[in-house]
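Enquirer: Submitted below is the structure of interest, expressed as structure tokens.
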Amino acid sequence: MEHFYIITNKPKDEQLQITDEVVSFLEEKGKRCTLCVRDKSAEEYRKNTLKARQEIQVPKDVDCILVLGGDGTLLQAAGDTMDLDIPLLGINLGSLGFMAEVEKGNLKQALTALINGDYHVEERMMLDGQLFHEGEKVKEFHALNDIVLTRTGSLKIVSYDIYVNGQFLNSYHADGVIVSTPTGSTGYNMSAGGPLVEPQAKLLLLTPICPHTIGARSIVLSPEDVIEIKVQSSHNGEEQEMEVNFDGSLTRQMCQGDSIKICRSKRVTKFIRLSKVSFLEVLHKKLSE
């Protein structure tokens, strides 16, 4: 690897001390670096949706993208660069990081291993989400972690029907629903009580958010399945509104009668892995912190 593109979340490295350390180390080894400093927090990027993605301009000869921040920064970078087929390596400057592998304490050792070729590349499955209004497809987006439908406005539960491969599965009354990849199982899915899954597995997770139903549980589906979620009318006939969120950054409104079809994407996200530590070891460490 000769050319590194470095994305830094400045709120997590305000003086760019760690960023400068990374650049200096790589340049001392004769490598080239292109730096992208993001001044906004991950939350501000969520409010700025597509504009942030238009600002990313990665040179064509980049071999690796280094992402300094937390899992949110890495997730945003993965979305920004999904069509470039360049592997990413996350350097964790946050707290609970499942995706960002490298910790600050072993930064130089990790970069040395990277330069020496002591790594492997993992491919993570992604999701495609197609939005339909009045039966017509209006938008299509992609996600590495999850696609989440949630209520908007007042504190009222939402009614929606779920179909799998065209077959009716169930009606839910809940705050929303999460469709997650294995990579996203440690995100919102985990917070909503869904199962934790080894990130290289190939499957879909369907988890209701605060369901108003006794016994409602997450459902694990085949990666070949197609999930359709339709927004229904409420019990009292009031108009329902929801929003659909892709990886916490792209948000679109949905209304009664709208639907979304979710399936495994042909796209994949490539992560560089330096450590031979298993997912269970990482999970034990993170859950003990």
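The values are calculated or read from the model by the stated rules, or taken from the named source; none is laboratory data. Not measured: the values here are computed from a predicted model. No Cβ is skipped: glycine too gets one built from the backbone with ideal geometry, and neighbour counts run over all protein chains shown. Quick note on the areas: whole protein, heavy atoms, side chains included, nothing else; ligands and nucleic acids left out. Shrake-Rupley method; radii C 1.70, N 1.55, O 1.52, S 1.80 Å.
Enquirer: Mind listing the Cα extents of region 158-289 along all three principal axes, in Å, largest one first?
Expert: 54, 33, 27
Enquirer: Semi-axes of the equivalent ellipsoid for region 129-175, please: Cα gyration tensor eigenvalues, times 5, square-rooted, ordered largest first, whole Å.
Expert: 20, 16, 13
Enquirer: Okay, next question. With every protein chain kept in place and ligands, DNA and RNA left out, what is the accessible area per residue of the chain? Probe 1.4 Å, answer in Å². Could you put the intermediate results ahead of the total?
Expert: On the way: 13830 Å² over 289 residues.
On a per-residue basis, 48 Å².
Enquirer: Now for a separate question. Could you look at region 172-289 and say what percent of its accessible area is carbon and sulfur, using a 1.4 Å probe and all protein chains? All intermediate terms of the calculation are to be shown ahead of the outcome.
Expert: Values: 2960 of 5580 Å².
C and S fraction of accessible area: 53 percent.
Enquirer: Oh, and also: What ranking do 18-25, 265-272 get when scored by the average of other Cβ atoms within 10 Å per residue, highest first? Let's see the in-between values first.
Expert: Values: 18-25: 17.1, 265-272: 18.6.
Descending mean neighbour count gives 265-272, 18-25.
Enquirer: Another question, then. What does the convex hull of the alpha-carbon atoms of region 158-223 project to on average, in nm²? Walk me through the numbers on the way to the answer.
Expert: On the way: hull surface 16.8 nm².
Answer in nm², one decimal: 4.2.
Enquirer: Determine the gain in length on full extension of the stretch residue 109-residue 225; use 0.36 nm per residue of separation and subtract their C-alpha separation, reporting nm with one decimal.
Expert: Numbers: separation 116, 0.36 × 116 = 41.76 nm, distance 4.16 nm.
Contour length minus Cα-Cα distance gives 37.6 nm.
Enquirer: With a ≥ b ≥ c taken as the square roots of the eigenvalues of the C-alpha gyration tensor of region 86-242, please select rounded if a/c is under 1.5 and otherwise prolate if a/b is larger than b/c or oblate if it is not?
Expert: On the way: a/c = 2.49, a/b = 2.12, b/c = 1.18.
Prolate.
Enquirer: Which whole-number percentage describes the relative contact order of the chain, with Cα contacts under 8 Å and a sequence gap of 6 or more?
Expert: So the answer I get is 19 percent.
Enquirer: So, one more: What relative contact order, as a whole-number percentage, does region 154-289 give when Cα pairs under 8 Å and 6 or more residues apart are counted? Don't skip to the end; give the middle numbers.
Expert: Details: 232 pairs, mean separation 28.1, N = 136.
21 percent.
Enquirer: At each listed q (0.08, 0.09, 0.11, 0.12 Å⁻¹), what is the log10 of I(q)/I(0) that the Debye formula gives for the chain modelled as equal alpha-carbon point scatterers?
Expert: -0.36, -0.45, -0.66, -0.78
Enquirer: What is the magnitude of the charge dipole of the chain about its Cα centre, with +1 placed on the Cβ of each Lys and Arg, -1 on the Cβ of each Asp and Glu, and no other charges, expressed in debye to the nearest 20?
Expert: Working: 32 positive and 41 negative charges, 41 e Å.
In debye, rounded to 20, the chain gives about 200.
Enquirer: Checking understanding here: applying a Kyte-Doolittle mean of at least 1.0 and a length along the axis of at least 24 Å (C-alpha), which whole DSSP H helices in the chain pass?
Expert: Details: long enough: none.
What comes out of the filter, once short or polar helices are dropped, is none.
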